[in-house]
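Colleague: There's a structure below that I have some questions on.
The values are calculated or read from the model by the stated rules, or taken from the named source; none is laboratory data. This one's a predicted model, so the numbers in the text were calculated from it and none came from an experiment. FYI the Cβ positions are ideal-geometry reconstructions off the backbone, even for glycines, and counts take in every protein chain you see.
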Amino acid sequence: MKKSFAYAAIGMAVLGLMADPGLAQTAAPAAEAATETAAAAEAPAYALAADTAYIFNTLLFLLGGFLVMWMAAGFAMLEAGLVRSKNVSMQCLKNIALYSIAGILFWLTGYNLMYTGVDGGFMGSFGPYSFDPVGGNALDTGYSTASDWFFQMVFVATAASIVSGTLAERIKLWPFLLFTVVLTGLIYPIAGSWQWGGGWLSVMGFSDFAGSTLVHSVGGWAALAGAIVLGARKGKYTSSGQVIPMPGSSIPLATLGTFILWLGWFGFNGASQLAMGTIGDVTDISRIFANTNMAAAGGVVAAMALTQILYKKVDVTMALNGALAGLVSITAEPLNPTVAQAIFIGAVGGALVVFVVPLLDKLKIDDVVGAIPVHLVCGIWGTLVVPLSNGETSYVTQLIGVAAYGAFAFVASLVLWVILKATVGIRVSPEEEALGLDKVEIGVEAYPEFGQGSQRL
């Protein structure tokens with residue numbers, strides 16, 4: 001009984017303590033503090049603002065680079081569709097080869113030549129580029145150096161792809177690849193350093209946001225020089241001036257290539273914002289995506305309307321090139337234009353393609369895929385129209401930049417093509433051209449059931 005009363009007394013005392021308001025208020029904060037301390041110990045450490053910006057900027061370069069790399073597939077499919085079936089394998093081979101060469105050369109010397117030590121001058125320094133060490137965490141650049149190199153490298157391959165399409169069906173493989181070495185290792189990086197590397201045109205105030213001139217016109221000038229030196233395909237032009245159509249092998253492939261390029265262009269232009277670490281940056285990237293898309297749409301509609309008016313039929317190849325023309329045109333300034341301005345800029349590009357393609361035929365300049373009108377002419381147009389929406393530059397400055405790039409890229413390419421023609425030769429024989437480069441240059445036909453191989457099946 002005593003134990004029972006003792007236990008009961010202890011129990012009543014405990015209940016009394018728990019019921020005491022003062023003691024309850026004292027115990028509650030202590031318990032909450034203990035809970036907060038435990039939670040804080042388990043919570044993850046959040047990145048600082050600089051860390052977050054570094055991560056998102058690097059991610060932008062990588063995602064943009066993935067998309068632009070995918071454009072290599074777009075060029076391959078576009079060219080495969082617009083050449084005749086006997087030359088399809090060659091175009092596929094050239095595109096994977098030039099992409100690989102561009103990557104090696106841009107690492108060996110291209111990046112440093114374009115970006116290191118330019119300081120308002122005309123070129124950077126020679127030598128291979130060094131990436132961050134494994135596990136690198138230096139925040140002073142604002143992004144991983146390897147991600148920046150990768151993003152810039154895929155642009156080089158784009159310039160080389162432009163040349164590939166123009167000179168298709170009659171150029172030898174290895175001389176073309178030798179030209180690609182010089183284009184991606186010297187010509188393009190030197191030209192790029194003038195603006196993106198902080199060179200003399202950058203100091204002057206020239207503006208080319210994502211490369212209407214730096215990438216597309218440089219490639220276009222190289223293609224034009226090559227087309228002049230190489231000459232037209234056999235049978236393309238008659239002595240009386242008549243143009244003989246040489247239809248491509250696959251409109252579906254060409255259409256697929258165009259859509260792939262259109263998709264890749266969102267990385268091409270969007271990631272050229274070069275930063276995704278703030279709300280403002282992300283907003284601008286979204287605006288760039290929208291303007292890029294609308295310019296391409298404007299180019300398609302303009303090309304379709306004009307071909308219907310001029311030829312009484314809509315030309316699907318013109319519509320495809322109209323899309324690319326709009327994309328090239330908006331590339332010099334995809335951020336500042338309004339939607340209406342973006343559509344206008346793209347539509348003018350689409351119209352230029354419709355008029356320049358027959359002009360080149362009159363001049364007997366054989367451009368198999370229409371790369372010169374799309375990349376050279378529309379690259380010039382897009383660069384010259386930048387001041388329409390960007391008041392920080394002028395029409396005079398833009399014209400100086402266009403002229404400088406044209407003179408350098410065309411003359412350097414012309415000299416190189418002439419040297420290659422005089423030494424190793426750049427053109428296959430008429431007999432080899434008639435058989436097709438798939439058979440005579442690489443021995444692999446794209447469609448053996450329908451080509452020369454069908455005779456052995």
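Colleague: Kindly establish whether Gly391 is surrounded by fewer than 19 Cβ atoms within 10 Å (Cβ to Cβ), of a type in the set (Gly, Ala, Ser), more than 24 Å from Val243 (Cα to Cα) and free of Cβ contacts under 8 Å to residues at least 24 places away in the same chain. Break it down stepwise before answering.
Modeller: On the way: surrounded by fewer than 19 Cβ atoms within 10 Å (Cβ to Cβ): yes; of a type in the set (Gly, Ala, Ser): yes; more than 24 Å from Val243 (Cα to Cα): yes; free of Cβ contacts under 8 Å to residues at least 24 places away in the same chain: yes.
Yes, satisfied.
Colleague: For region 96-114, which residues satisfy the criterion of being surrounded by fewer than 21 Cβ atoms within 10 Å (Cβ to Cβ) and over 16 Å from the mean Cα position of the chain (by Cα)? Explain how you work it out, then say what you get.
Modeller: Of region 96-114, the ones surrounded by fewer than 21 Cβ atoms within 10 Å (Cβ to Cβ) are 96-97, 100-101, 103-104, 107-109.
Passing the criteria: Ala97, Ile101, Ile104, Trp107, Leu108, Thr109.
Colleague: Kindly establish whether Lys86 is closer than 17 Å to Leu178 by Cβ, touching a helix residue (DSSP H, G or I) at 6+ places or on another chain (Cβ under 7 Å), basic (Lys, Arg) and buried (at least 23 other Cβ atoms within 10 Å of the Cβ). Steps first, please.
Modeller: On the way: closer than 17 Å to Leu178 by Cβ: no; touching a helix residue (DSSP H, G or I) at 6+ places or on another chain (Cβ under 7 Å): yes; basic (Lys, Arg): yes; buried (at least 23 other Cβ atoms within 10 Å of the Cβ): yes.
Taking the combined requirement at face value, the residue does not satisfy it.
Colleague: Another question, then. Could you pull out every one of the helices (runs of 4 or more DSSP H) wholly within region 367-442 that has 3 or more residues that are among the small types (Gly, Ala, Ser)? Explain how you work it out, then say what you get.
Modeller: On the way: elements: 378-384, 395-423, 430-435.
So the answer is 395-423.
Colleague: I would also like to ask the following. Might you check whether a residue that is free of Cβ contacts under 8 Å to residues at least 60 places away in the same chain, on the phi < 0 side of the Ramachandran plot and not small (Gly, Ala, Ser) occurs anywhere in region 78-96? Give the steps one after another, and end with the answer.
Modeller: Start the filter on region 78-96 by keeping residues that are free of Cβ contacts under 8 Å to residues at least 60 places away in the same chain, which leaves 96.
Next cut, on the phi < 0 side of the Ramachandran plot only: 96.
Okay, now just the ones that are also not small (Gly, Ala, Ser), so 96.
Looking for residues that are free of Cβ contacts under 8 Å to residues at least 60 places away in the same chain, on the phi < 0 side of the Ramachandran plot and not small (Gly, Ala, Ser), one finds at least one in region 78-96, hence yes.
Colleague: Given the conditions (1) in contact (Cβ under 8 Å) with a residue 40 or more places away in the chain; (2) surrounded by fewer than 24 Cβ atoms within 10 Å (Cβ to Cβ); (3) small (Gly, Ala, Ser), which single one is not true for Ser164?
Modeller: With (1) in contact (Cβ under 8 Å) with a residue 40 or more places away in the chain; (2) surrounded by fewer than 24 Cβ atoms within 10 Å (Cβ to Cβ); (3) small (Gly, Ala, Ser) applied to Ser164, the lone miss is (2).
Colleague: A further question follows. Those residues that are assigned to a loop (DSSP other than H, G, I, E, B) and surrounded by fewer than 18 Cβ atoms within 10 Å (Cβ to Cβ), I need them from region 245-269; list them, please. Talk me through it step by step, then tell me what you get.
Modeller: First, pick out the residues of region 245-269 that are assigned to a loop (DSSP other than H, G, I, E, B): 245-250.
Pro245, Met246, Pro247, listed by residue number.
Colleague: Does any residue in region 196-216 that is β-branched (Val, Ile, Thr) come within less than 9 Å, Cβ to Cβ, of a residue that is assigned to a loop (DSSP other than H, G, I, E, B) six or more places away or on a different chain, and which pairs are these?
Modeller: Val203/Gly120; Thr213/Gln195; Thr213/Phe206; Thr213/Ala332; Val215/Asp208
Colleague: Out of Gly192, Gly120, Gly124, report the one residue that is crowded, with 24+ Cβ neighbours inside 10 Å, touching a helix residue (DSSP H, G or I) at 6+ places or on another chain (Cβ under 8 Å) and part of a loop (DSSP other than H, G, I, E, B). I'd like the intermediate steps shown before the answer.
Modeller: Values: Gly192 fails: part of a loop (DSSP other than H, G, I, E, B); Gly120 fails: crowded, with 24+ Cβ neighbours inside 10 Å.
Sole residue among the options that is crowded, with 24+ Cβ neighbours inside 10 Å, touching a helix residue (DSSP H, G or I) at 6+ places or on another chain (Cβ under 8 Å) and part of a loop (DSSP other than H, G, I, E, B): Gly124.
Colleague: Can you run down the residue pairs with Cβ atoms below 7 Å, 6 or more apart or on separate chains, where the first is in region 305-327 and within 22 Å of Met246 (Cβ to Cβ) and modelled with pLDDT of 95 or more and the partner is of a type in the set (Asp, Glu) and assigned to a helix (DSSP H, G or I)?
Modeller: Note: no pairs meet the criteria.
Colleague: I'm checking my understanding of the structure. Among residues of region 197-216 that are under 29 Å from Asp367 (Cα atoms) and either in contact with an Asp or Glu (Cβ under 9 Å, 6 or more places away or on another chain) or among the β-branched types (Val, Ile, Thr) (or both), which one is surrounded by the most Cβ atoms within 10 Å (Cβ to Cβ)?
Modeller: Applying the first criterion (under 29 Å from Asp367 (Cα atoms)) to region 197-216 yields 207-216.
Of the ones still in play, those that are also either in contact with an Asp or Glu (Cβ under 9 Å, 6 or more places away or on another chain) or among the β-branched types (Val, Ile, Thr) (or both) are 207-210, 212-215.
On the way: Ser207: 21, Asp208: 30, Phe209: 22, Ala210: 28, Ser212: 29, Thr213: 32, Leu214: 30, Val215: 27.
Once the filter is applied, the top-ranked residue is Thr213.
Colleague: If we scan region 276-298, do we find a residue that is assigned to a helix (DSSP H, G or I), in contact (Cβ under 8 Å) with a residue 40 or more places away in the chain and touching a Lys or Arg at 6+ places or on another chain (Cβ under 8 Å)?
Modeller: No, that holds for no residue.
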